[in-house]
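Okay, structure first, notes after.
The values are calculated or read from the model by the stated rules, or taken from the named source; none is laboratory data. Just so it is clear, the model here is predicted, and its values are computed rather than measured. Glycine gets a Cβ as well: all are built from the backbone with ideal geometry, and neighbour counts include every protein chain shown. Remember, those area values only see protein heavy atoms, side chains included, never the ligands or the DNA or RNA. Shrake-Rupley method; radii C 1.70, N 1.55, O 1.52, S 1.80 Å.
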Amino acid sequence: MKELELFQTKVRDGAIGFMNMEQAMGSQYTELMKEITQSSGAPSEAVASSIFMRRFGFFITAQLYLLAHGKMWDGPLAEVHLENTEGHISFAVDERFIRERREGDLESVLKDYVMPVIESFRKAGHVSKIILWENIWGYAIWMYGMQDSEQARQDIEALMEAEIWQPEMRKSFFRQFLAGRNFDEAKTEYKRITCCLLKEVPGTDKCPYCPLAK
């Protein structure tokens with residue numbers, strides 16, 4: 001699983017970190033925000049929450065990559081460990097939770113891993129969930145753009161349909177982020193529809209794909 005390191009995720013025998021995702025969503029949220037604020041200069045919890053979700057997007061993209069290759073990591077959020085790698089948060093997970101893909105796993109990634117984390121950080125950080133979802137999508141579209149398998153194509157199509165998001169959400173945010181384009185057009189010239197708030201960090205300009213960029 002060395003390839004998952006491209007997505008800032010390491011698979012180990014007995015993974016550990018300075019906290020896990022269950023703690024990050026609860027008892028150690030304040031500590032995590034302090035860590036991100038100190039390392040990035042984020043001026044508010046909203047910005048710090050968005051910065052973290054950009055990192056968490058790597059882990060979710062690792063999950064989607066595994067699915068595109070017929071595998072699934074199905075451990076609990078308490079087994080998703082955060083590491084500090086050269087001033088940036090990365091992730092470590094235990095290899096014992098990797099298994100063959102089953103029906104329903106793609107929906108599980110959305111509903112068991114992404115939705116609860118985004119809801120937690122949306123509430124605690126007072127930041128729009130559409131921003132946090134697009135932080136996830138930015139890495140997902142990048143990863144899928146590098147895949148040419150039939151499974152990856154099927155997964156992209158499923159993620160664009162409302163059914164896999166329901167009943168928790170009415171429609172596919174990922175389709176909304178295409179802004180009327182098809183997937184190939186969107187991956188070729190990637191543009192966001194929301195600002196990820198990184199421009200609020202002192203000394204940081206707008207991203208080239210930011211909707212606020214001139």
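What to note about this one:
- Calculated on alpha-carbon atoms, Rg and Dmax of the chain in Å: 16.5, 48
- Label-to-label distance, nm, for residues given as residue 123 and residue 201 (7 Å Cα→Cβ offset): 2.7 nm
- Semi-axis lengths (Å, descending) of the ellipsoid that matches the C-alpha gyration tensor of region 112-214: 23, 19, 11
- Within the listed set 68, 179, 42, the Gaussian network model of the chain (springs between alpha-carbon atoms below 10 Å) gives the highest mean-square fluctuation for 179.
- Heavy-atom accessible surface of the chain, averaged per residue, reaches 48 Å², computed with a 1.4 Å probe.
- Counting only DSSP H runs of at least 4 residues, each contributing -39500 (n - 2.57), and dividing by the residue count of the chain, the helix-based mean residue ellipticity at 222 nm comes to -13000 deg cm²/dmol.
- Taking all protein chains as shown and a probe of 1.4 angstrom, residue 33 keeps an accessible surface of around 10 Å².
- In Å², nearest 10: area of residue 73 left accessible to a 1.4 Å probe: 0 Å²
- Accessible carbon and sulfur surface of the chain relative to its total accessible area, %, 1.4 Å: 48 percent
- The chain: relative contact order in percent, alpha carbon pairs under 8 Å with at least 6 residues between: 24 percent
- The packing ranking, built from the mean of other Cβ atoms within 10 Å per residue, places the peptides 86-99, 181-194 in the order 86-99, 181-194, highest first.
- Rel. contact order, % - alpha carbon contacts under 8 angstrom, at least six apart, region 125-214: 26 percent
- Links that overshoot a 21 Å alpha carbon limit, given the list 123/191; 34/199; 129/171; 10/199; 71/111: 123/191; 10/199
- Looking at the chain, the DSSP beta bridges with both ends there are about 70 percent antiparallel.
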